[in-house]
1. Pull out the extension gain between L96 and L201, defined as 0.36 nm times the separation in residues minus the alpha carbon to alpha carbon distance; nm, one decimal.
2. What does the extension gain come out to for I69 and L173, with contour length at 0.36 nm per residue minus their alpha carbon separation?
3. Taking a virtual spin label 7 Å from the Cα of K33 along the C-beta vector, which residues in the range 94-121 bring their backbone nitrogen under 20 Å of it?
4. Order the following by accessible area, largest value first: L104, L79. Probe radius 1.4 Å; ligands, DNA and RNA are ignored.
5. Would you please give the residues with an amide H less than 5 Å from that of G73, counting only those at least 5 places away or on a separate chain, with H modeled from the backbone geometry?
6. May I ask you to evaluate 6.51 cos²θ - 1.76 cosθ + 1.60, the Karplus curve with θ = phi - 60°, for each residue of the range 116-123 and list the ³J(HN,Hα) values in order in whole Hz, giving x for glycine and proline?
7. Among P46, L135, L96, flag the residue with its Cα farthest along the positive direction of the charge dipole of the range 12-138, charges on Cβ as +1 for Lys/Arg and -1 for Asp/Glu.
8. Would you mind putting 114-124, 131-141 in packing order, based on average other-beta-carbon counts within 10 Å, highest first?
Amino acid sequence: SKNSLLNSFGISKMLHPSIAILLSIPLLLASYKAHRIFKLISLLSPIIAACVLFFLPFREIFYFNKIEIIIDGQYINKLISFSLIFVLLCGNLFALSTSRKQELILGNCYIGLAILCVLAGDFITLIISLEMMALISTGIIYTSDSENNTKTAANYFITHFISGSLIVAGSALLINKNYSFTSLLEALSSGTNSSHIYLILIGLVINVAA
C-alpha cells in the first residue's frame, strides 16, 4: 500500500500538506519582484500540497515529553483539506490576475494553517493553528480596501485574543489535571464536568463565531 511504501523509506511522518504550503511563503517573499517565479510558486504549492495530502496516513502520533501531537487523516478531514487546497488554487489565480501579491501570501498562510487545524487531532496543534489564523486574518483585513479596515482588524484581533486566552487557560488546567494533552471529545465522552472544559468550549465558540 502507499502508506507501507512510505514507511519503508521512513518519510511518512515528514508528510503534511501544510508544510508544502507554508514553506512556499519564504519563497514567495524572496521572489516577490520576479513575477514569473512568483507565479510558478503560487500555482505549484497547492498542487504539491494536494499530492502530499493524498499520501497522508490515516493517523499519525508524535510524542514530545507529555505533549501528544496527532495528525488525524480521516477521510472527512482529507475531503475538507482538498476543498481548502482547491480554494487556495482559485484564490491564487485571482490574486495573480489582479496583482494582489500581499493578499496572496497572506491567503497561503491562512489556508496552510486552516489545513493544519482541520487535520489536528490534539489540543496544542488546534490552539496554535487557530491563533495563528486569527493573526493572519487580522493582516488580511488590514490590507483590504475597506475604509474601516484598521478598526475592523483591531476588533477582530481583540476578539480572538480573548477566545485564545480562554482556550489556553482551559488547556493549562487540563494539563495540570491529567498531566497530558488529550482529545476534547475524549474528555467530554468521559463525563468530565469541569471548568477547564467549559473554558475551552466557550473559547472555541467565540473563535468560530468571530
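The values are calculated or read from the model by the stated rules, or taken from the named source; none is laboratory data. The structure displayed is predicted, hence computed values, not measured ones. Reconstructed Cβ throughout: ideal geometry from the backbone, glycine too, with neighbour counts over all protein chains shown. What goes into the accessible areas is simple: the full protein's heavy atoms, side chains included, and nothing from ligands, DNA or RNA. Shrake-Rupley method; radii C 1.70, N 1.55, O 1.52, S 1.80 Å.
1. In short, 33.9 nm is gained.
2. Working: separation 104, 0.36 × 104 = 37.44 nm, distance 1.82 nm.
Extra length from I69 to L173 when fully extended: 35.6 nm.
3. 99-105
4. The ranking, largest first, comes out as L79, L104.
5. It is R59, E60, by chain and number.
6. Running phi through 6.51 cos²θ - 1.76 cosθ + 1.60 with θ = phi - 60° gives 4, 5, 4, 8, 6, x, 9, 5 Hz.
7. The residue sitting most towards the positive pole is L96.
8. So the peptides 114-124, 131-141, ranked by packing, come out 114-124, 131-141.
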